[in-house]
Amino acid sequence: MLDAFTNIFKIPELRKRILFTLGLLAIYRLGCYIPTPGIDPVALSQIFSELAKGQGGTIFGLMDIFSGGAMSKCTVFALGIMPYISASIIMQLLTAVIPFLEKMAKEGETGRKKINQYTRYGTVVLALFQGYMISLGLQHPAQIFGNIAANVQIADPGLGFRLLAMLTLTTGTIFIMWLGEQITERGIGNGISLIITASIISGAPAALRESWLRFSPLNPEKRDLSLGYLIIMVVLLVLVIAAIVMITQGQRKIPVQYAKRVVGRRVYGGQATYLPLRVNQAGVIPIIFAQAILMFPATIAGFVPALRGLSDWLQPGAGLYLLLYVLCIVFFAYFYTAITFNPVDMADNLRKYGGFIPGIRPGKNTAQFLDRVMSRVTLSGAIFLAVIAILPMFISGRLRISFTISQFFGGTSLLILVGVMLDTMRQVESHLLMRHYDGFMKKGRLRGRF
């Protein structure tokens, strides 16, 4: 593997792509420290530090993770890339249910460009709305954060501040979106995913520092966790990462046989292959959907004093939140799989090219068989996602550690990290193999390496 990393910089094109990607990621991280005009970033950061000590963190803590700490300081990148992610998911869902968009998606490159343009428009709308809500909340922070927000003051509150904050935060989101597109086009890996990954990894130094203070024998006055807890956490981290890799790469292989066809003097078909049905077909999207659904009523309830009790029940770690969280994840895992996996089209394509599943009649029976198998596979994937999603909250409560540390033991953060790293490794390995270099693995192969 060390030789593979050395070979990366022997390929001029690959070296340029990696350096270009790292340069744009550095620009993104620099923007996470440029404050929004009129905000005291130090006082706001102290609020988020207090909120992170609670079990499961808070809604705003989850948003801060995906913005790389920019939300806690209310910098120009405070919204992060999440408005674009939300707009992309919404467009993907609308494409599956609106015939006009579905037809546009089948027009090839032209249709894809139009849908991407609509996604950008949706990103601007969502960013403006979220920017306005944030600016409104910062003018009355005590109503949202309670007494710990007493030190947060806006230099010049009013309509001017709200408009300036909206434009600043929206511009920051659009700039991040542009950086992601440039990385995808001219760098290595998926730009948007790498930006999210960089945001999550940026929280690692703070987690390591807190772990050192709570476990190190050199700090007896702050040490409150024993060596046994540290061993348990390390073993648990390794097991969770291994499980995520297995489920992310897991497939249910459906055998497919192609009939022989004689065209002139040539014989086509006759080979045996398989259909790979992914265990986790929806990826991390069900967790993102569930968080977005539960985030909305909790945020609204935070602005209404009469609903403050409901807001407490819908905070991460609360009993009602965990129940609704699990149900939403399972529901969206099936929902997203249903709109991205069409067994009827797959069965028709198999019949068109002379393929069939041994023991299953082509056509309707094949579609029913694929639908039944995918439903069972999706159930195991949905249960796994639910367990991984609530694991950080469970660890935070049982092991008495803050959400700053527990977020790296599961949930959206670890799923995204593992998925993006695997995808980026596949792309780098494809460049190495194309130029006759050894890949990362001499025995076996990464999924997607053929």
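We did not get these values from a lab; they are worked out from the coordinates using the rules stated. Keep in mind that what you see is a predicted model, and the values were worked out from it rather than measured.
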### Task
Find how much the distance from R351 to L320 grows on full extension, using 0.36 nm per residue of separation minus their present alpha carbon separation; answer in nm with one decimal.
6.4 nm
### Message
Here is the link list: K16/K114; K16/K73; K253/K364. Which ones come out longer than 22 Å on Cα distance?
### Response
K16/K114; K16/K73
### Task
Could you pull out every residue, at least 5 positions away or on a different chain, whose amide H is within less than 5 Å of the one on I254? Hs are placed 1.01 Å off N in the peptide plane, and Pro or chain starts have none.
L275, L277
### Query
From the backbone phi of the stretch 359-372, what are the Karplus-calculated ³J(HN,Hα) couplings (6.51 cos²θ - 1.76 cosθ + 1.60, θ = phi - 60°) in whole Hz, Gly and Pro given as x?
x, 10, 5, x, x, 4, 5, 5, 4, 5, 5, 5, 5, 5
### Message
Using the Karplus curve 6.51 cos²θ - 1.76 cosθ + 1.60 with θ = phi - 60°, what ³J(HN,Hα) values do you get for each residue of the stretch 415-424, in whole Hz, with x for Gly and Pro?
### Response
4, 5, 4, 5, x, 5, 5, 5, 5, 5
